[in-house]
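The structure appears right after this line, and notes come after that.
The values are calculated or read from the model by the stated rules, or taken from the named source; none is laboratory data. Predicted model, so just to flag it, every value in this text is computed and none were measured. So basically every Cβ, Gly included, is an ideal-geometry build from the backbone, and we count neighbours across all protein chains shown.
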Amino acid sequence: MAIATEVKTYQNYIGGDWVGNGAGQPLEILNPVDGQLVYRAVSATPEQVDRAVAAARNALETTDWSENPERRATALRKLSDGLKSLGKDLARLLSMEAGKLFPVSLTEVNRGADALSFYSGLARAIYGRTTTLTPDSLAIVLREPVGVVGIIVPWNMALSLLTRPLAPALAAGNAVVVKPSSMTPGATAEFIGLIDSIEEFPKGIVNFLIGPGGTVGDQLVKHPDVDMISFTGDTSTGKHVVRTAADTLKKVSLELGGKSPNIIFEDADLERAVKGAINGASFFNAGQVCIAGSRVLIPSKVHDEFVERMKSVAEGMKVGDGLERGTQLGPVISRGQQERVYSYIEKGKQEAELVTGGYRYEDGPLARGYFVPPTIFDKVPVGATIAQEEIFGPVVAVQTFNDEEEAARIANSTVYGLAAAVWTRDINKALRVAKKVRSGMVWINTFGKLFAAAEMGGAKQSGIGRSYGLEGLHEFTELKHINIQLED
């Protein structure tokens with residue numbers, strides 16, 4: 001399936017049909033590199049949202065999807081293979097709509113295919129349990145699909161953050177209504193086209209709605225016939241989702257923001273740790289990653305050397321178009337996001353010491369796009385705004401500690417608890433600190449490694465529930481207890 005290069009207009013997908021005639025003028029999606037038009041997209045109307053939910057419900061009730069694990073396994077395996085076949089073409093579209101580096105986009109495609117492949121295997125392994133309660137009473141505990149699941153996806157990793165909940169939701173036997181970010185619906189639409197081409201997917205089991213979160217997203221969250229919402233995005237919006245979903249008491253799974261600490265001890269391999277600090281800060285995606293290690297904690301004894309090394313690496317990074325070979329840092333997603341990041345940089349200049357970056361590109365090709373240079377602040381107080389709030393840009397806050405206790409205390413000083421890392425040659429120290437940090441994930445001597453087979457999720461205000469692994473599958477099931485009275 002080749003992706004056309006001409007300007008396209010993507011539509012909504014409801015009950016197996018592509019539907020146009022949306023709400024208002026089509027959305028125009030611009031390349032963050034230069035502001036050029038990439039494609040157009042049609043927003044769903046309120047009536048189309050209702051139709052999509054009804055189509056999902058009808059597919060659940062009139063097909064064998066929820067009762068046929070072999071069908072689900074085959075469908076997901078074919079979808080995984082199809083996603084791989086799009087490969088470089090789909091990665092190119094991801095880079096054009098979001099400005100990310102091409103290798104990052106290609107990794108995203110492959111990660112999505114891996115998640116689909118992993119859950120295709122688990123589709124036949126949704127086990128409950130049985131137990132004898134009394135000599136004449138038997139209990140059967142089943143795991144059943146929740147029902148109709150609304151999946152709301154952000155723009156920063158449009159495909160991998162879709163497949164992460166979509167794969168287990170479908171493996172568990174649910175029907176879904178997908179709403180991508182209105183800033184990046186194109187690659188998702190191409191992916192939905194793959195689903196449409198696979199006969200094992202009943203029409204209506206997967207539906208796709210384009211539009212803003214404040215209209216289309218809110219309607220999905222409020223809808224009385226949507227049984228669960230899976231939302232990935234910022235914490236403030238996640239709180240709104242919880243409040244809105246409360247009226248219908250639907251199940252909610254949230255993966256939200258982070259301010260992840262990257263803790264480097266003096267006995268660490270400093271060369272590896274410097275690379276880990278830069279990579280952990282997600283400069284490869286302009287800092288626009290929820291797990292980004294945007295706080296780097298360094299012991300006093302190696303502080304100066306470490307900061308100097310970080311500065312050298314950051315200043316040597318090639319900033320530019322993610323489709324150009326050798327580019328190491330692309331633009332942020334939009335002009336609004338660019339201004340938001342710069343507002344935090346200006347605040348940082350008042351709160352801390354600017355080491356490098358923080359300037360604007362006034363001339364040349366970078367001035368046409370939404371670029372922010374890799375920026376490092378040092379001597380950042382624990383309570384500083386840039387140490388407490390998620391910036392979602394290529395900005396790192398360096399903080400200093402003297403011992404394990406202080407390192408853990410600084411690491412735990414924000415409302416977030418999504419991820420963390422510890423760098424040391426002492427495994428006992430690593431485990432002591434990892435246990436003290438309140439975080440859903442802790443890496444040791446690496447950063448950002450995610451696997452479909454290993455769960456992830458957040459503590460504190462970084463989310464509710466878990467993704468990936470067996471736990472990610474169970475998120476999309478409900479337990480049913482069947483009690484059997486045995487006759488004498």
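In this structure, does residue 56 turn out to be assigned by TED's automatic domain parsing to the domain that holds residue 24, more than 18 Å from the chain's Cα centre (by Cα) and not polar (S, T, N, Q)? Working first, answer last.
Details: assigned by TED's automatic domain parsing to the domain that holds residue 24: yes; more than 18 Å from the chain's Cα centre (by Cα): yes; not polar (S, T, N, Q): yes.
For residue 56, the condition - assigned by TED's automatic domain parsing to the domain that holds residue 24, more than 18 Å from the chain's Cα centre (by Cα) and not polar (S, T, N, Q) - is met.
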Go through segment 436-488 and report how many residues are assigned to a helix (DSSP H, G or I) and in contact (Cβ under 8 Å) with a residue 24 or more places away in the chain. 5
Pairs only if they're at least six apart or on different chains, beta carbon under 9 angstrom, first in segment 398-425 and among the acidic types (Asp, Glu), second at pLDDT below 95; list them, first residue then second. none
Would it be correct to say that residue 293 is of a type outside the set (Asp, Glu), surrounded by 24 or more Cβ atoms within 10 Å (Cβ to Cβ), under 21 Å from residue 410 (Cα atoms) and out of contact with any Cys (no Cβ under 7 Å at 6 or more places or on another chain)? yes
Residue by residue through segment 315-347, note down the ones that are within 25 Å of the chain's Cα centre (by Cα), in contact (Cβ under 8 Å) with a residue 12 or more places away in the chain and in a helix (DSSP H, G or I). 335, 337, 338, 340, 341, 342, 344, 345
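Looking at segment 37-46, can you tell me whether even one residue there is assigned to a helix (DSSP H, G or I), assigned by TED's automatic domain parsing to the domain that holds residue 189 and either touching a strand residue (DSSP E or B) at 6+ places or on another chain (Cβ under 7 Å) or of a type in the set (D, E, K, R) (or both)? Let's see the steps before the verdict.
So the first thing to find is which residues in segment 37-46 are assigned to a helix (DSSP H, G or I), and the list is 46.
Those left that are additionally assigned by TED's automatic domain parsing to the domain that holds residue 189: 46.
Going one step further and asking which of them are either touching a strand residue (DSSP E or B) at 6+ places or on another chain (Cβ under 7 Å) or of a type in the set (D, E, K, R) (or both), we end up with none.
No; the residues of segment 37-46 include none that is assigned to a helix (DSSP H, G or I), assigned by TED's automatic domain parsing to the domain that holds residue 189 and either touching a strand residue (DSSP E or B) at 6+ places or on another chain (Cβ under 7 Å) or of a type in the set (D, E, K, R) (or both).
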Scan segment 266-288 residue by residue and report those that are of a type in the set (D, E, K, R) and closer than 15 Å to residue 376 by Cβ. 275
Tabulated pairs, segment 284-302, first within 17 Å of residue 272 (Cβ to Cβ) and not assigned by TED's automatic domain parsing to the domain that holds residue 439, second modelled with pLDDT under 95 and not in a helix (DSSP H, G or I), C-beta under 7 angstrom, 6+ apart or interchain: none
Enumeration of residues in segment 372-392 that are crowded, with 23+ Cβ neighbours inside 10 Å, touching a Lys or Arg at 6+ places or on another chain (Cβ under 9 Å) and under 20 Å from residue 336 (Cα atoms): 372, 386, 390, 391, 392
Taking the condition assigned to a helix (DSSP H, G or I), surrounded by fewer than 22 Cβ atoms within 10 Å (Cβ to Cβ), out of contact with any strand residue (DSSP E or B) (no Cβ under 6 Å at 6 or more places or on another chain) and not aromatic (Phe, Trp, Tyr), does residue 34 pass? no
Regarding segment 115-128, can at least one residue be identified that is over 30 Å from residue 320 (Cβ atoms) and without any contact (Cβ under 8 Å) to a residue 24 or more places away in the chain? yes
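Hey, among 281, 314, which residue is crowded, with 23+ Cβ neighbours inside 10 Å, over 23 Å from residue 412 (Cβ atoms) and of a type in the set (Gly, Ala, Ser)? If you could, list the steps in order and put the result at the bottom.
Working: 281 fails: over 23 Å from residue 412 (Cβ atoms).
Going through 281, 314 in turn, the sole match is 314.
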Spot the failing condition for residue 298; the list is (1) within 24 Å of the chain's Cα centre (by Cα); (2) buried (at least 17 other Cβ atoms within 10 Å of the Cβ), and only one is missed. (1)
Would you be able to say whether some residue in segment 459-471 is buried (at least 22 other Cβ atoms within 10 Å of the Cβ), touching a Phe, Trp or Tyr at 6+ places or on another chain (Cβ under 8 Å), farther than 23 Å from residue 235 by Cα and at pLDDT 95 or above? no
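Residues in segment 258-265: is at least one outside any strand (DSSP E or B), at pLDDT 95 or above and surrounded by fewer than 23 Cβ atoms within 10 Å (Cβ to Cβ)? Give the steps one after another, and end with the answer.
Let us first name the residues in segment 258-265 that are outside any strand (DSSP E or B), namely 258-260, 265.
So of that shortlist, the ones also at pLDDT 95 or above come out as 258-260, 265.
From what is left, the residues that are surrounded by fewer than 23 Cβ atoms within 10 Å (Cβ to Cβ) are none.
Checked segment 258-265: no residue is outside any strand (DSSP E or B), at pLDDT 95 or above and surrounded by fewer than 23 Cβ atoms within 10 Å (Cβ to Cβ).
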